[in-house]
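One structure below.
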Amino acid sequence: MTSAGGARTVLDLARAEASLLVRSLLVLAGLLASGAVVWVLFGSVQPLWWNAAWQIGFGQLILGLVVLAAAQLAAGRARREGMADLYTSFPVTAGTRTVAHLASLAGAAPASLLLTGAAAAVVQARGAIGTPAITVLASGLVLVIASGAAGIAIGTRFSHPLAGVLGALALFITATTSHLVSGAAIWLVPWEWNQDQLSGLPGPLAGYPPAGAHLLELAGLAVLAGTVALAVTAGHVRARGALATAGIVALAVTCLAGALQLRPIPTAGLDHLVTETASLASVQHCTTANDIRYCLYPEFGRDLPSLEEPVNGVLARLPARPSHPLRVQQVLTLDLTDLTYGHSKDQISQWRAQLRNARASALTDTAIYLPVGSWPAGGSQLTDANFAVALTTAEWGVRIPAQATGNPASEQFLPCVPLNQAREAIAIWLAILATRPSAGELQAGLSSGGHYLGDEVSNTFVPTWTYPGMTAGYLASSGFAPQPTAAGYLLAAAMVSLPQQKVSHVLASAWGRWLNWHTTDAQLAAALGIPMPSISTLVPPPPPGQTTGHGPGTGPQSPQSPLCTS
Amino acid sequence: MPWGTLLAGCLAGTVYLAIFAHVAKNSGWLVGQGNVRLAFLPAAAAMSFVVRVPFRPLTQAVPVPSWVTPAGHLLLAAPILAATCWAQLCIMTQTIPAQTLGHPPAVYPLLAQLTGWCAVAIAAAACVARSRYADLGGAIGAPVSFAVITLASFAPITSRILVEPAATAHTVTIAWYAIAAAATALTCAAMRDQWQRYSSDVRSLLPRDRA
């Protein structure tokens, strides 16, 4: 057979195999599964391109698993069906067929590109921040091709379908066990998905992930797998020699790419990141609106209106503002440990000291801290986040302090409880009017899984209220924020049903009195002319022999939450 | 009996778990039930190849019922599967330090879950074996069972009764054994079925007078 004829045969065979791959039910199912995985990974938060592109890559890994299995089935078809002897009698050699199989992996490209395109469209539609990194997206495509090449390498030697399944599982296991390694080693697996800190970055960080080197590694692996597949089927000694050389070169490229990925992140980049974390004023864009200062990272300027709305909603109903100003500010909640591999100890200590000082000064400020990467893209989650911002603003407005006992890192860290304080109900009322969440969602915060939650304050069980978005981590200050009580919410809900003007008049007429932490819910209810909502149905009867109303799951030894005072 | 397939599936997962346990021990991690689940997937995949009978047209022609062969395969595979599960649980428990406070999580929901996985894989393969794709029974059954396992674990509706801690250990156990029972019933029905199913009407392909 002439070389032109051989090339034509390869093209014809490749076209036929690629057509089968494109129409493979397995690949189509994998495409759907990978789309679902990417959707789940995106979650409800506002997408950041430097993170979303890597998440799309994990979807490509799922697609790669099925392409691996499908390619193994295709490459092992002749032997599996007992046709190997018949194929040997054909003029086309096994090596030529393997080349055709490898070329047919182009049939997996449409599915991969479709996944990338659809995911990119979703990311853009949800208001993505930043721009996509083409190298990372291209790495996803190369990963699918490399998986297919591995499938062909397996299929040429092992024709049983279980071999493909095991190969796919082995590839999947590399991704699920990436937590066993740390630092730069996480990039060595085909695609890691849960060890990086991309979601918490305020912008792209050069060298994190090392996209170019990772692309090179995947390309090297693809060539290596292809070489192995050809080596298994090659008949001539000369061809085997050439393939061995190609395999060694591919292995060397893969190792080189691995070494490049293990390099530390450029110091300048990390320096800038630490500055972004510690010296917020020097990097954030701050604007003042309605006497409230909003400080956001440069890429996040578009979030400003969605932050101003709940804050202004509260301010518009506040009879008088506190003397100390309020600041709404984005913060980074990064863990430097996984970023500072390969740097000198002195440098790392210096960065840590910078971060420690910044955190210590931040705790003394009155501010609403928004962790980067946790703000929702829209829908009910955005309403919840708005409510969280509104409630924190209202608590600042009615002077409920952010008091707590214990260490934030320990399990004994307990925020204060504004027990029987009129100002708490006022704060909740202000937040409800500012954001108008659904009544059902507010009511759902009274119980969790059919059980009422509560805190122990002065040896008394106090039913608490979980407000919308409280547990979602939209605010970094949630751990310090006061714990709302069920009684406060019930009174606020009753206040919402009253004419707003009437409530505003009662509040404005004695604002100083309502801010006093000694003023009780009952006094506020009496001033409004409404009965105090009963919470007796929320408190279980005390066990026989006990005089105090301990709640379920709590006891005399339960940790005591402090009372919000001053 | 596809011993090679079954042993390859069982050993692949067990070897992975042993390596993982070794690495985890040095890295300060523990091997949990999640790792055992992952390690059992190859064995479950292998089970979907066990039910296949390569010479079914021949076995249908002999006086012995055709379901005897696949049923025999399953009976022979059961002890291998049990031994694999035991070995993997042993590997898991060896990595738990002796001075650990409190009780480790119960194993019986895990056993129910793994039983359910195998039953689903077998049922999927047995159903495919009754179709025109009989030769790919295992190759289709394995991905189908993986898809079912994934959906059961992550879909909000099913995860409430099939996955801890959203469901209690008792609920998980009962739910997975119920699934296993249903899948076994489906497998029995598929194995007793004499005829392969074709998606298109073959009569339309025949000349009119013969149809």
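The values are calculated or read from the model by the stated rules, or taken from the named source; none is laboratory data. Quantities reported herein were computed from a predicted structural model and do not represent experimental measurements. Quick reminder, even Gly has a Cβ in these numbers, built from the backbone with ideal geometry, and neighbours come from all protein chains shown. For accessibility, only protein heavy atoms count, side chains too; no ligands or nucleic acids. Shrake-Rupley method; radii C 1.70, N 1.55, O 1.52, S 1.80 Å.
Overview of values
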read-out	value
Segment A:Arg513-A:Ala289, extension gain: residue separation times 0.36 nm, minus the distance between their alpha carbons	77.8 nm
B:Trp29 accessible area, 1.4 Å probe, all protein chains in place, Å² to nearest 10	110
Burial order of peptide ranges A:54-67, B:1-14 (average beta-carbon count within 10 Å, highest first)	A:54-67, B:1-14
Å² of accessible area per residue within the protein assembly as shown, as computed with a 1.4 Å probe and no ligands counted	46
Packing-based ranking, highest mean first, of A:492-505, A:454-467, B:168-181 given that Cβ atoms within 10 Å are counted	A:454-467, B:168-181, A:492-505
In nm, spacing of pseudo-spin labels at A:Glu309 and A:Leu25 (7 Å Cα→C-beta vector)	4.6
Paired Rg and Dmax values of chain B, which use every Cα atom, in angstrom	20.0, 81
Förster radius 22 Å - calculated FRET efficiency between A:Ala206 and A:Lys345, Cβ distance, rounded to 0.05	0.45
Viscosity 1.567 mPa s, 4 °C: Kirkwood-radius Stokes-Einstein D of the protein assembly as shown over Cα pairs, µm²/s	43
Test item: B:134-143 mean partner chain Cβ contacts at 10 Å	5
Solution diffusion estimate, µm²/s, Stokes-Einstein, region A:250-377, Kirkwood Rh from C-alpha pairs, 37 °C, viscosity 0.692 mPa s	190
Linear extension gain, A:Arg302 paired with A:Thr366, 0.36 nm per residue minus alpha-carbon span	20.7 nm
Dipole magnitude of the protein assembly as shown, debye to nearest 20 (Cβ charges: Lys/Arg +1, Asp/Glu -1, about Cα centre)	1820
Inter-chain shielding of A:172-185 (mean C-beta neighbours from other protein chains, 10 Å cut-off)	3
Total accessible area lost when A and B pair, probe 1.4 Å, Å² to nearest 100	1400
Per-residue average of Cβ from other chains inside 10 Å of B:39-49	3
Sites A:Ile248 and B:Asn26, calculated FRET efficiency, Cβ-Cβ separation with R0 35 Å, nearest 0.05	0.65
Accessible area, probe 1.4 Å, largest first, for residues A:Glu309, A:Glu276, A:Glu441	A:Glu309, A:Glu441, A:Glu276
Theoretical FRET efficiency, 1/(1+(r/R0)^6), r = Cβ-Cβ of B:Val15 and A:Ala259, R0 30 Å, to 0.05	0.60
Expected-Rg normalisation [2.2 N^0.38 Å, Cα atoms] applied to region A:250-302	1.90
Label-to-label distance, nm, for residues given as B:Arg160 and A:Ala522 (7 Å Cα→Cβ offset)	4.0
Overall dimensions of region A:122-257 as given by Cα atoms, namely Rg and Dmax in Å	17.4, 57
Accessible-area composition of chain A, carbon plus sulfur, in percent [1.4 Å probe]	62
Cα long-axis angle, helix A:379-397 against chain A (0 to 90 degrees, to the nearest 10)	40
Fraction of beta bridges assigned by DSSP in chain A that are antiparallel (%, nearest 5)	60
Accessible area (Å², 1.4 Å probe, nearest 10) - B:Asp135	110
